[in-house]
């Protein structure tokens, strides 16, 4: 098993990788991408157990990257991790996931605590196992 974290902010990627290493060692290794296009390409070859996508990324934002990932691997658990909590595109994407009954999706604000992040990851994993 493995995890893919895509965020153009290295410190955010490092923090999230630490959460996976400390709380979910069974998912190691943690792979990283610093833009959405790289995330899509890595998903195709890595088949990660969980993908964490920042919304604001160069080349391809998190919603577009998630759409491309889900087009080729519809069962991929996706977590959108963003500071943009009220962005209408994220809200529309989240609603589509609900409408399609894709429960292996969640949104996390970058202000979430370690406990909240770990709980969201655990919930997504519980759904797909």
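Just one residue in the set 84, 116, 68 is out of contact with any strand residue (DSSP E or B) (no Cβ under 9 Å at 6 or more places or on another chain) and either modelled with pLDDT of 85 or more or surrounded by 15 or more Cβ atoms within 10 Å (Cβ to Cβ) (or both); that residue is 68. Residues considered: 19, 30, 3. Of these, the only one that is under 18 Å from residue 126 (Cβ atoms) and in contact with a strand residue (DSSP E or B) (Cβ under 6 Å, 6 or more places away or on another chain) is 3. Scanning region 93-113 for residues that are in a loop (DSSP other than H, G, I, E, B), surrounded by 11 or more Cβ atoms within 10 Å (Cβ to Cβ) and either over 16 Å from the mean Cα position of the chain (by Cα) or at pLDDT 70 or above (or both) turns up 100, 104, 110, 112.
If only one of 74, 48 is loosely packed, with under 13 Cβ neighbours inside 10 Å and in a loop (DSSP other than H, G, I, E, B), which one is it? When all the criteria are applied, what remains is 74.
Across region 6-16, the qualifying residues are those that are assigned to a helix (DSSP H, G or I) and in contact with a strand residue (DSSP E or B) (Cβ under 8 Å, 6 or more places away or on another chain), and the one among them that is surrounded by the most Cβ atoms within 10 Å (Cβ to Cβ) is 16.
Of the candidates 63, 40, 51, the single residue that is within 15 Å of residue 125 (Cα to Cα), within 12 Å of the chain's Cα centre (by Cα) and in contact (Cβ under 8 Å) with a residue 12 or more places away in the chain is 51.
As a summary of the residue check, residue 19 satisfies the conditions (1) more than 17 Å from residue 104 (Cβ to Cβ); (2) free of Cβ contacts under 8 Å to residues at least 60 places away in the same chain except for the one numbered (2). Scoring residue 30 on the criteria (1) in contact with a helix residue (DSSP H, G or I) (Cβ under 9 Å, 6 or more places away or on another chain); (2) surrounded by fewer than 16 Cβ atoms within 10 Å (Cβ to Cβ); (3) modelled with pLDDT of 90 or more leaves a single failure, condition (2).
The values are calculated or read from the model by the stated rules, or taken from the named source; none is laboratory data. Keep in mind that what you see is a predicted model, and the values were worked out from it rather than measured. Here Cβ is always computed from backbone atoms with ideal geometry, including for glycine, and neighbour counts include all displayed protein chains.
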